Ligand SMILES: [Zn+2]
């Protein structure tokens, strides 16, 4: 008789989000609900998903957990965060709320470069401690996999040291962490007015050094390629500069990702297509022709509604158009101290339902299987499928639609990571 280390049974709903590839179009709303369901886990992996009566008979588990009145679903995947930084920007935010124009805040030394200053000044121990606390908070909210970008160092030494902080966190934290080199996040003060000069340093020195570091790092053994990201936007990097950075990364074995079309249409979505990016993120102002092309590709469209919400924007990405065009739509927090101080994917789902008109099922798929696809790991996590890593949540809710419905509570009653109860 097969054995299971853990058997969750009698769940009001088991929501599977099943599959190993992103859901598109009508399939985005297909969530796979099993009433009175059960999930069996052995050796860190899912060994069975189905009706409680069947699994209870087949798997006399080492430990049985009664999930009566509750929902079981996959652990959430946050596929876009800037988690490594020092210094929150609450004072600046308060100034904004009082009506101080953003350009005045920038002129006074605020904005992204204030985070760069604070992060450069922070020790690795400080960044590790802050990073661990933030990941603990995310894990408690149901996030079991997190992509983390560098991008507040903006020098060869600091970007490499921030990659090392991510690798150290990956060694010591329950969450699966995937690192992204975002050296082209902003032009650092030493290169003020000379974005091309900075791009040259990034492509010729920093990217080769990061690739060499990654090849021997502990984290490379657990994952595939390092991601290489760029902020393609007015005031950051134009299309030619973005292309140069991503091409340099690709030549070193890195996988391209992009921040595009957040405020201005520069042709970033077309660049994502050209580079074969694994994801293109933001996409608030993408023109219809570029949207149609990107939606038909393998590039995942990552939408970040917490940014628009926090910035008080009235304009949001046209998620319905992305879904209608057949795009692989994912959602993420964009956790960062400036535009999205948001830890919670349930909150992001709540925003997506209200501002994108997504259904709870679409939002949940976008935070699980589709977000895993944005990181190239949809074959490993992101759904409750036999053979996948056992990353699952027990929600203190009897219906998954309550997850984005209730506002301001944490509905996560238990977090299981790789078959182990971690929160
Ligand atoms: Zn971002």
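FYI, it's all coordinate maths here, none of it is from the lab. Being a predicted model, the structure only gives us computed values, none of them experimental. Quick reminder, even Gly has a Cβ in these numbers, built from the backbone with ideal geometry, and neighbours come from all protein chains shown.
Some points to look at:
- Cα Rg over Rh - region 297-423, Kirkwood: 0.96
- Separation of alpha-carbon centers, region 316-337 and region 36-59, rounded to whole Å: 33 Å
- For region 35-173, the normalised intensity computed at q = 0.10, 0.11, 0.12, 0.21 Å⁻¹ comes to -0.54, -0.61, -0.68, -1.23 (log10 of I(q)/I(0), Debye sum over alpha carbons, equal scatterers, no solvent).
- Ranked list, fewest to most other Cβ atoms within 10 Å of each Cβ, for 242, 172: 172, 242
- For the chain, DSSP calls about 45 percent of its internal beta bridges antiparallel.
- When you restrict to C-alpha pairs under 8 Å that are six or more residues apart and normalise by the size of region 243-295, the relative contact order lands at 36 percent.
- Kirkwood hydrodynamic radius over Cα pairs of region 22-78, then Stokes diffusion coefficient at 20 °C and 1.002 mPa s, in µm²/s: 163 µm²/s
- When 279, 161 are sorted by how many other C-beta atoms sit within 10 angstrom of their C-beta, beginning with the fewest, the order is 161, 279.
- If you run the Gaussian network model on the chain, springs between alpha carbon atoms under 10 Å, then out of 228, 79, 342 the most flexible one is 342.
- Stokes-Einstein diffusion for region 12-51 at 4 °C, viscosity 1.567 mPa s, with a Kirkwood radius from C-alpha pairs, works out to 114 µm²/s.
- Principal axis dimensions, the chain - Cα atoms, whole angstrom, descending: 69, 43, 42
- Within a Gaussian network of the chain (alpha carbon springs, distance under 10 Å), most fluctuating of 34, 65, 369: 65
- Region 206-233 and region 402-423 have Cα centres spaced 31 Å apart.
- Computed [θ] at 222 nm, helices only, for the chain once each DSSP H run of length n ≥ 4 contributes -39500 (n - 2.57): -10000 deg cm²/dmol
- The protection proxy used here, the mean number of other Cβ atoms lying within 10 Å of each residue, ranks peptides 349-357, 190-198 as follows, highest first: 349-357, 190-198.
- Taking the fewest neighbouring Cβ atoms within 10 Å as the starting point, the ordered list for 66, 136 is 66, 136.
- Of 286, 150, 234, the residue with the greatest mean-square motion in the GNM of the chain, using alpha carbon springs below 10 Å, is 234.
- Relative contact order, whole percent, for the chain stands at 22, derived from Cα pairs under 8 Å and 6 or more residues apart.
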